[in-house]
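Only one structure is covered here, and it is reproduced in the block below.
The values are calculated or read from the model by the stated rules, or taken from the named source; none is laboratory data. Predicted model only: the values in this text are computed from it and were never measured. Counting neighbours? That spans all protein chains shown, and the Cβs are built from the backbone with ideal geometry, glycine included.
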């Protein structure tokens, strides 16, 4: 019995898709650098924002597992184990676990709202939870309509970065200088998060198209999808270069070290011919998002 419980736990850990968690952590790290640069860092608020991001990310992973599993989308997919499609657990169990993690994310967000007294953020949190569920859930999931990358850009970039800084120093957002620091960071992280989803969907084109999952990759085709992906991973560095040229934030030169990862990543994506080859690209893209956030945070701390 103990062995079976340990095996079940391992399955749930795999189903949580831990390799996607850097996407939740990266915006918080970058936002922390921005908060330090503006001398507004608050540890408690940052940890609560991190809890919201992690719980929602795990929740949406389980929710996708459930929704794609009952639709039959995951039946022939190449990649990590799917709890529902593999029959490892009952669909209802996977759905309840997904709701549990989404609920924990909502609870952490509610505590953050209480601390900050920014009650209108409850609406933002509600929309985030609904977006997590309806990516593949409901009768008309937006992930099946090619809108996944756009929503990921908004929530993993703009909302996550701007929101984490805003709850620590809302008064500073009245100053243009604040937006000049925070917005490029948010855009860069949003693009990397979208790139992770894009390469994931490029991998799954052959299995998504027959079941009616019309992701952006399916809609534009593999060739153009790869082009969009490459734009997503290189544009953040172009943003940094622009800021360097106009001498607004010289510390943004730090992320240029990421080129050492992006060059081989670009080669892998351009030469990949099978879904399995894109799995490595997916892992590296997720790592690139985390490295980008760390380098940006280091650069911003130099401004203090």
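Points worth noting:
- Among residues of the range 138-160, those that are in contact with a helix residue (DSSP H, G or I) (Cβ under 7 Å, 6 or more places away or on another chain), surrounded by fewer than 22 Cβ atoms within 10 Å (Cβ to Cβ) and touching a residue at least 60 places away in the same chain (Cβ under 8 Å), counted: 2
- Selection status of residue 66, within 16 Å of the chain's Cα centre (by Cα), at pLDDT below 95 and surrounded by 21 or more Cβ atoms within 10 Å (Cβ to Cβ): no
- Some residue of the range 169-180 being surrounded by 24 or more Cβ atoms within 10 Å (Cβ to Cβ) and in a helix (DSSP H, G or I): no
- Filtering the range 81-117 to residues that are under 22 Å from residue 65 (Cα atoms), in a helix (DSSP H, G or I) and in contact with a helix residue (DSSP H, G or I) (Cβ under 6 Å, 6 or more places away or on another chain) leaves 91, 94, 95, 97, 98, 101, 102, 104, 105, 106.
- Checking each residue in the range 81-117 for being surrounded by fewer than 17 Cβ atoms within 10 Å (Cβ to Cβ) and more than 25 Å from residue 10 (Cα to Cα) picks out 107, 110, 111, 114, 115, 116, 117.
- Among the candidates 104, 130, the residue that is under 19 Å from the mean Cα position of the chain (by Cα) and without any contact (Cβ under 8 Å) to a residue 24 or more places away in the chain is uniquely 130.
- Residue list for the range 215-227, restricted to those being in contact (Cβ under 8 Å) with a residue 40 or more places away in the chain, in contact with a helix residue (DSSP H, G or I) (Cβ under 8 Å, 6 or more places away or on another chain) and part of a helix (DSSP H, G or I): 216, 218, 226
- Of all residues in the range 120-137, those that are surrounded by 15 or more Cβ atoms within 10 Å (Cβ to Cβ) and in a loop (DSSP other than H, G, I, E, B) total 3.
- Test: residue 242 is surrounded by fewer than 14 Cβ atoms within 10 Å (Cβ to Cβ), modelled with pLDDT under 90 and part of a helix (DSSP H, G or I): yes
- Residue 40 vs. criteria touching a helix residue (DSSP H, G or I) at 6+ places or on another chain (Cβ under 7 Å) and assigned to a loop (DSSP other than H, G, I, E, B): yes
- Residues in the range 262-304 that are out of contact with any helix residue (DSSP H, G or I) (no Cβ under 8 Å at 6 or more places or on another chain) and either outside any helix (DSSP H, G or I) or closer than 14 Å to residue 25 by Cβ (or both): 273, 274.
- Filter result for residue 197 (surrounded by fewer than 22 Cβ atoms within 10 Å (Cβ to Cβ) and at pLDDT 90 or above): no
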